[in-house]
Structures are given as C-alpha cells and as structure tokens.
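The values are calculated or read from the model by the stated rules, or taken from the named source; none is laboratory data. What you see is a predicted model, and the numbers here were worked out from it, not measured in a lab. Cβ placement follows ideal geometry from the backbone for every residue including glycine, while neighbour counts extend to all protein chains displayed. Keep in mind that these areas ignore ligands, DNA and RNA; they rest on the heavy atoms of the full protein, side chains included. Shrake-Rupley method; radii C 1.70, N 1.55, O 1.52, S 1.80 Å.
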Amino acid sequence: MSDHIYKLVELTGTSHSGIEDAVQNAITRASKSIHNIRWFEVVDTRGNIKDGHINYWQVTIKVGFTLDE
C-alpha cells in the first residue's frame, strides 16, 4: 500500500433545508469533477435571513481527495 497524498479545496454549499443538505450539495457538485474524495471538514456556517426567518444556509467545507498515482 502506498502513502496517500491529499489535496484540499474549499467549497461553500447552500440549502434552504438545513446545514447537512448544504454540505451534501457541495459534495455532490464537487464529485462531478473531482474524484477520490475522502473526507470533509466544516470550516464555517452562515445563514441568510429574509423577513425575520432563515432563508437559506451556507456551509463552507474543506474537502480532501487523494491524488492519482
């Protein structure tokens, strides 16, 4: 087994439903162009407010993926 080398990218996902959906939306979109995604780390969580209610969530994550051999 070889040692893995990881690359990190930072993404911000959004969702009207909640934090977990915002993370999933970011990962789902990234996986269309990045392969070998292995893990994520939540860096920041924000929300947008409209008329006194949460309009949508924004979650910034770092995504780690292995580089090809």
For region 5-38, give me each residue that is exposed (fewer than 15 other Cβ atoms within 10 Å of the Cβ) and either farther than 11 Å from residue 64 by Cα or polar (S, T, N, Q) (or both). 12, 16, 17, 18, 20, 28, 29, 31, 32, 33, 36
If the Cβ limit is 9 Å and pairs must be 6+ apart or interchain, which residue in region 30-50 that is within 16 Å of residue 18 (Cβ to Cβ) and among the polar types (S, T, N, Q) pairs with which residue that is in a strand (DSSP E or B) and open to solvent by 90 Å² or more (accessible area, probe 1.4 Å)? 48/54
Considering only region 40-69, state which residues are surrounded by 12 or more Cβ atoms within 10 Å (Cβ to Cβ), under 19 Å from residue 9 (Cα atoms) and hydrophobic (A, V, I, L, M, F, W, C). 40, 42, 43, 59, 61, 63, 65
